[in-house]
Amino acid sequence: MANIWVIFKRELASYFMTPIAYVFIVIFVFLSGIFAFYMGNFFARGQADLEPFFGFHPWLYLFLIPALAMRLWAEERKTGTIELLLTLPISIPQAVVAKYLAAWVFSGIALAFTFPIWWTVNFLGDPDNGVIVASYVGSMLMAGAFLAIGACVSSLTKNQVIAFVITAVVCLIFVLSGYPLVLDFFSGWAPQFLVETISSFSFLSHFNAIAKGVIDLRDFVYFVSLIAFWLFANAVLIELKKAD
Amino acid sequence: MGPVAAATARDTFDDRPEGQAGRYSEWLRARRDLKKRYQSLYCALRERCDIAEHGGAKRRRRSTDLRCWITRCACTGIPGENENVEPKVEIRHLSKRFGQITAVDDVSFCVGRGEVLGFLGPNGAGKSTTMKMITGFLAPDSGSVIVGGDDIALAPVAVKARIGYLPEGAPLYADMTPLAFLNFVAEIRGFRGEAKRARIEQTVQRVNLEEVLNQPIATLSKGFKRRVGLAQAIFHDPEVLILDEPTDGLDPNQKHEVRALIRSMAQAKVIILSTHILEEVEAVCTRAIIIARGKVVCDSTPAELEARSRLHNAITLAVKGDGAHEAAQSLRDLSGVEAVEALGHIDGIARYQIYPKAGELLAATVSQVARERGWEIVQLTVERGRLDEVFRAVTTGESASSEGGM
Ligand SMILES: Nc1ncnc2c1ncn2[C@@H]1O[C@H](COP(=O)(O)OP(=O)(O)OP(=O)(O)O)[C@@H](O)[C@H]1O
Ligand SMILES: [Mg+2]
């Protein structure tokens with residue numbers, strides 16, 4: 001536990017020692033604002049809620065989270081510091097969890113910087129703050145799932161660009177599998193249970209469920225087990241090919 | 001216990017010089033010792049086996065434990081018999097392949113406390129790969145690494161806590177400052193509060209890092225980066241220190257300091273270092289292993305290595321005077337001279353290299369001959385032997401001396 005904390009601190013601090021943190025936060029806040037206000041017709045809808053804001057999160061995460069995750073292990077491999085890290089008296093699961101948590105907390109910080117939007121709706125109207133809190137939780141969970149995929153893919157390569165592209169594609173598959181367009185494509189010929197299985201693997205369906213304001217245990221378990229699976233795979237892959 | 005602490009009871013017995021085998025009292029004493037050692041081994045074994053047999057579900061693990069424990073006994077002696085177990089690195093039949101390349105091929109050796117082992121070999125010989133396996137970064141294809149009694153495959157974290165490692169090229173987190181980086185290392189190594197502060201200060205002093213403590217590592221010169229890497233390796237005063245080319249990129253003063261540092265730590269530690277600088281081996285190592293194409297081709301002290309050089313005890317002679325140019329023949333006629341090589345003459349001074357027959361010392365004879373012939377001796381030096389020559393011979397498969405390679 002102590003080891004996880006120490007690595008976590010170092011990782012989180014390293015975001016702020018480079019411009020990554022500032023660029024990421026600024027772009028995240030800026031884009032989520034743009035999406036919500038212009039494309040989501042935030043004002044024109046005349047409703048005091050944050051649905052348009054959260055509605056774009058999956059798409060925003062689709063390219064921002066891979067950018068955050070791509071460096072997790074690929075950079076360690078590239079610079080050789082993985083050799084330094086993994087010959088310290090820590091276990092690989094500790095390193096995997098600590099790095100992941102640092103990235104997740106960082107994405108949480110970026111998300112926290114969107115608070116002016118929340119403040120704005122509260123100023124303009126009378127939104128259901130319970131729904132908003134649930135949406136924030138859902139957004140965090142979804143970011144966590146994206147990140148776990150990204151961390152795992154990043155552990156496979158030295159090359160951050162490859163890590164980015166593959167992560168984005170894998171995440172896209174996870175998002176799209178709940179999209180009506182894709183589901184329609186399947187529902188024409190595939191049996192119902194298959195369509196439901198595909199849909200149940202989607203970030204969208206689970207995120208939308210949470211964003212409605214109900215944190216269902218199933219949605220929660222879905223994200224947590226997805227994260228656990230990808231982190232487990234991450235640890236196994238590092239163990240198997242730490243030196244390649 | 002010496003470097004070969006692995007001496008089991010049987011070895012002690014076998015090691016007795018043959019000439020003394022007849023001495024009855026000594027033989028009796030040896031037998032008594034032996035019995036005592038076996039007894040404690042037997043008791044300890046019984047204890048372990050009982051656990052192994054009644055372990056139930058955990059039996060498989062127990063039996064691995066047992067195997068590991070027996071290995072440890074062979075390495076460090078029987079527990080209870082020798083209380084202060086020496087730090088020690090034992091490498092057994094280590095092999096590693098990368099695709100078609102066999103990077104390390106059945107390498108075995110054992111290093112005890114107080115030894116500084118120099119790891120030599122041409123580029124791509126497998127030095128770094130071996131070190132990566134000793135530090136647990138790479139898993140070997142076969143063979144085992146035992147550090148201070150624990151197998152690294154079974155207790156990786158415990159073993160890593162005992163090791164300080166400077167990887168090849170000293171990779172570092174470039175965006176941190178040396179201070180932040182050492183702080184990180186300190187906390188991972190379990191230092192907190194005042195102890196941490198004091199240890200950082202002490203380490204910084206040992207490797208002369210004061211002036212760059214707050215400058216990002218990315219902006220440091222190569223030598224300073226290397227020193228940060230070194231600081232990280234020696235930080236927790238480890239029992240085992242593994243340094244992959246520690247002086248690469250340092251200026252001559254720093255090289256000197258680092259060698260002094262290594263020497264000062266040598267007493268209490270096992271140190272394994274790799275280097276391409278042969279003087280470094282003479283300067284700091286008590287033992288040298290040469291590895292070529294993944295195999296250990298030579299394992300001895302630097303002095304023994306020098307002795308394998310053709311130049312060992314050879315004489316470099318520079319003389320002037322009448323007939324000095326034709327001295328080669330008369331030198332060749334001396335008993336004990338294997339060969340004479342004329343190195344040419346400049347300004348009336350003729351130079352020769354005189355190679356002795358094995359075991360002969362020629363300095364006295366040669367100077368006497370020179371005096372008799374009336375040559376004026378400008379230079380007469382006895383060569384110690386040259387490591388680079390031995391290195392080349394051993395690693396390219398040629399024989400280094402008349403006795404041939406190992
Ligand atoms: N990750 C790897 N993948 C494939 N081959 C490798 C890998 N690491 C090392 N090798 C190969 O293993 C062999 C031994 O390499 P190693 O780095 O141990 O040599 P070395 O003795 O340290 O050489 P140098 O003196 O140049 O540092 C080389 O042929 C190298 O190409
Ligand atoms: Mg090397």
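Confirm whether A:Val224 is in contact (Cβ under 8 Å) with a residue 24 or more places away in the chain and more than 16 Å from ligand 1 (Cβ to nearest atom). The answer is yes for A:Val224.
This table checks each residue for (1) touching a Ser or Thr at 6+ places or on another chain (Cβ under 8 Å); (2) part of a helix (DSSP H, G or I); (3) modelled with pLDDT under 90.
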| residue | (1), (2), (3) |
| --- | --- |
| A:Phe8 | no, yes, no |
| A:Ala21 | no, yes, yes |
| A:Ile25 | no, yes, no |
| A:Ser32 | yes, yes, yes |
| A:Phe43 | no, no, yes |
| A:Ile65 | yes, yes, no |
| A:Leu68 | yes, yes, no |
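Looking across segment A:69-82, the residues that are touching a residue at least 12 places away in the same chain (Cβ under 8 Å) and surrounded by 23 or more Cβ atoms within 10 Å (Cβ to Cβ) come down to A:Ala69, A:Met70, A:Leu72, A:Trp73, A:Ala74, A:Arg77, A:Ile82.
With respect to B:Phe191, is the statement that it is open to solvent by less than 30 Å² (accessible area, probe 1.4 Å) and either touching a helix residue (DSSP H, G or I) at 6+ places or on another chain (Cβ under 8 Å) or more than 12 Å from every other protein chain (Cβ to nearest Cβ) (or both) true? Before you say what the answer is, go through the steps one by one.
Numbers: open to solvent by less than 30 Å² (accessible area, probe 1.4 Å): no; either touching a helix residue (DSSP H, G or I) at 6+ places or on another chain (Cβ under 8 Å) or more than 12 Å from every other protein chain (Cβ to nearest Cβ) (or both): yes.
Judged against the criteria, B:Phe191 is not a match.
Taken over segment A:13-32, residues that are within 14 Å of another protein chain (Cβ to nearest Cβ) and crowded, with 19+ Cβ neighbours inside 10 Å amount to 2. Beta carbons closer than 6 Å, at least 6 apart along the sequence or on distinct chains, pair a first residue in segment B:126-144 that is more than 13 Å from chain A (Cβ to nearest Cβ) with a second that is away from ligand 2 (no atom under 13 Å from the Cβ) and open to solvent by 20 Å² or more (accessible area, probe 1.4 Å) for B:Ser142/B:Ser95; B:Gly143/B:Arg92; B:Gly143/B:His93; B:Gly143/B:Ser95; B:Ser144/B:Arg92; B:Ser144/B:Asp151.
Mind checking which helices (runs of 4 or more DSSP H) fall wholly inside segment B:214-289 and carry at least 1 residues that are within 16 Å of ligand 1 (Cβ to nearest atom)?
Values: elements: B:222-234, B:252-266, B:278-284.
Helices (runs of 4 or more DSSP H) meeting the threshold: B:222-234, B:278-284.
Give the residue, chosen from B:Glu115, B:Glu86, B:Glu81, that is more than 16 Å from ligand 1 (Cβ to nearest atom), in contact with a helix residue (DSSP H, G or I) (Cβ under 7 Å, 6 or more places away or on another chain) and modelled with pLDDT of 55 or more.
Values: B:Glu115 fails: in contact with a helix residue (DSSP H, G or I) (Cβ under 7 Å, 6 or more places away or on another chain); B:Glu81 fails: modelled with pLDDT of 55 or more.
Within the list B:Glu115, B:Glu86, B:Glu81, the selection yields B:Glu86.
Restricting segment A:67-106 to residues that are out of contact with any Phe, Trp or Tyr (no Cβ under 7 Å at 6 or more places or on another chain) and of a type in the set (Asp, Glu), which is farthest from A:Ala168 (Cα to Cα)? Top of the filtered list is A:Glu76. Sub-8 Å Cβ pairs linking a first residue in segment B:360-377 that is free of Cβ contacts under 8 Å to residues at least 40 places away in the same chain to a second residue that is open to solvent by less than 70 Å² (accessible area, probe 1.4 Å) and part of a loop (DSSP other than H, G, I, E, B), at least 6 apart or interchain, are B:Thr365/B:Leu334; B:Thr365/B:Gly336; B:Val369/B:Leu334, ordered by first then second residue. With respect to the conditions (1) farther than 28 Å from B:Pro252 by Cβ; (2) away from chain A (no Cβ under 13 Å); (3) open to solvent by less than 40 Å² (accessible area, probe 1.4 Å), B:Phe184 falls short on a single one, namely (2). For segment A:96-110, a residue qualifies if it is out of contact with any Asp or Glu (no Cβ under 9 Å at 6 or more places or on another chain) and either within 22 Å of B:Ala153 (Cα to Cα) or within 14 Å of chain B (Cβ to nearest Cβ) (or both), and the qualifying residues are A:Val96, A:Val97. Within segment B:241-296, restricting attention to residues that are surrounded by fewer than 19 Cβ atoms within 10 Å (Cβ to Cβ) and within 22 Å of B:Ser95 (Cα to Cα), the residue that is nearest to ligand 2 (Cβ to nearest atom) is B:Arg293.
The values are calculated or read from the model by the stated rules, or taken from the named source; none is laboratory data. All values derive from a computational prediction rather than experimental measurement. When we count neighbours, we look across all protein chains shown, and the Cβ atoms used for this are built from the backbone with ideal geometry, even at glycine. We work out accessible area using only protein heavy atoms, side chains counted, and drop any ligands, DNA or RNA first. Shrake-Rupley method; radii C 1.70, N 1.55, O 1.52, S 1.80 Å.
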